[in-house]
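The values are calculated or read from the model by the stated rules, or taken from the named source; none is laboratory data. Just so we're clear, the structure is a prediction, and the values are computed from it rather than from any experiment. All Cβ positions, glycine included, derive from the backbone under ideal geometry; neighbour counts span all protein chains shown. Each accessible area value is taken on the protein alone, full model and side chains, heavy atoms only, with ligands, DNA and RNA left out. Shrake-Rupley method; radii C 1.70, N 1.55, O 1.52, S 1.80 Å.
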Amino acid sequence: MAQSREYLSFLLEDEEYGVHILDVKEVRGWSEVRRIPNTLPHMLGVLELRGEYIPIMDIRQCFGMTPATLSAMSVIIIVRNQQGVSLGIVVDAVAEVHNLEKEQIKAPPGLHQHDEWYMEGIASVNDRHLVLINLEQLFDFDQLQQSAQPESANED
């Protein structure tokens, strides 16, 4: 019996990317974030969500794209790693949920390893290429969580 996994897909500059559905905590509209000084350029700030400060990242900048244009139409996907640490990624739009069989997912081409280390694989879905993202490879969740906590800003 083939193993299948579900992926939530999202759009960045009309290209489709996906994250494992079990990593997704929630999808929400844009809310203003509190900027944190001296953080990574792609960290937009933190969002307080039910008593937790969640770092919000502009994933477009992580991929070398132009920064996100933030508006009421912007979407934040809140994801969580296996240790329960959360972060938010700003995307252009959420597309759909894809159920992919293991055989449908191909290994990254391997031509530019530095650019592809965050890729879990590529799948062909509806005549489009869906790039599957390994969020734990792309982001250091623990470091981002520490920088998002207000008390860490006061410690010297």
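Of note:
- Any hit, segment 80-102, residues being modelled with pLDDT of 85 or more and touching a Pro at 6+ places or on another chain (Cβ under 8 Å): yes
- Residue match in segment 25-42 (condition: in contact with a helix residue (DSSP H, G or I) (Cβ under 6 Å, 6 or more places away or on another chain), in a strand (DSSP E or B), loosely packed, with under 15 Cβ neighbours inside 10 Å and not basic (Lys, Arg)): no
- Within segment 1-11, the set of residues being touching a strand residue (DSSP E or B) at 6+ places or on another chain (Cβ under 8 Å), surrounded by fewer than 19 Cβ atoms within 10 Å (Cβ to Cβ) and hydrophobic (A, V, I, L, M, F, W, C) comprises Ala2, Leu11.
- Test: residue in segment 75-82 that is under 19 Å from Phe139 (Cβ atoms), free of Cβ contacts under 8 Å to residues at least 60 places away in the same chain and open to solvent by 50 Å² or more (accessible area, probe 1.4 Å): yes
- All told, Glu116 meets the bar of being modelled with pLDDT under 90, open to solvent by less than 50 Å² (accessible area, probe 1.4 Å) and farther than 18 Å from Leu22 by Cα.
- Residue within segment 53-74 that is open to solvent by 30 Å² or more (accessible area, probe 1.4 Å), at pLDDT below 90 and assigned to a strand (DSSP E or B) present: yes
- Which listed residue, of Val90, Val97, Val46, is of a type in the set (A, V, I, L, M, F, W, C), open to solvent by 20 Å² or more (accessible area, probe 1.4 Å) and assigned to a strand (DSSP E or B): Val97
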